[in-house]
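No lab work stands behind these numbers, since they all come straight from the coordinates. As the structure is a prediction and not an experimental result, all values here were calculated from the model. Please note: Cβ atoms are built from the backbone with ideal geometry, for glycine as well, and neighbour counts cover all protein chains shown.
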Amino acid sequence: MSFLNKVGTSISDKSKSAVKKAREMTELSSLHSQISAQEDIIDRLCLEIGKKVYEKRESFPDSELEEKYTAVSNAYGEIERLKTDIILVKGAKRCPHCGIEVSLDFAFCPECGTAVPEPQPRPAVENIVIRPGDVVYYQNDSAE
Ligand SMILES: [Zn+2]
């Protein structure tokens, strides 16, 4: 084999190996993205399962999950309180039964007829950002 032939072979081997490497990278990237897609499906379904389990917590109590049930209930309670605050900031009051915004002029909810009491003055709310990782557990109202 002449010198030039050897050089040619070597370059061709290198480019073959580069092509093989590129194919391998493409295949790996595709496999990784397929794994990600399956993980997304699992995450979405587990979230749905988790919500169903939470909704049925009364029928299927689970001491292992009790703390998390309480944290979720507290978060739902906090959302309700914040929705009430939004209505108060807008200068109205909130129906305690159906939750709609009711004008301060009305003693009863125009939607469901429930008596809507005058809003209680609330302490000023600070901007508190609760990130998904910050799960706060409360034992009861007196605990911090
Ligand atoms: Zn109502």
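Some values worked out for this structure:
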{"quantity": "Whole-Hz couplings from phi, Karplus 6.51/-1.76/1.60, listed for region 44-50; x for Gly and Pro", "calculated": "5, 5, 5, 4, 4, 4, x"}
{"quantity": "For VAL72, VAL89, order by how many other beta-carbon atoms lie within 10 Å, fewest first", "calculated": "VAL89, VAL72"}
{"quantity": "Cut-off 13 Å between beta-carbons: net charge of the residues surrounding VAL116, Lys and Arg +1, Asp and Glu -1", "calculated": "-2"}
{"quantity": "Theoretical FRET efficiency, 1/(1+(r/R0)^6), r = Cβ-Cβ of SER73 and ALA37, R0 30 Å, to 0.05", "calculated": "0.35"}
{"quantity": "Fewest-first ranking of HIS32, HIS97, using other Cβ atoms within 10 Å as the exposure measure", "calculated": "HIS32, HIS97"}
{"quantity": "For region 112-119, Karplus couplings with θ = phi - 60° (6.51, -1.76, 1.60), whole Hz, Gly/Pro x", "calculated": "10, x, 5, 5, 10, x, 4, x"}
{"quantity": "Long-range HN-HN contacts of ARG94 with modeled amide H, under 5 Å", "calculated": "VAL102"}
{"quantity": "Given charges at Cβ of Lys, Arg, Asp, Glu: region 31-112 dipole, positive-most of CYS95, CYS46, TYR76", "calculated": "CYS95"}
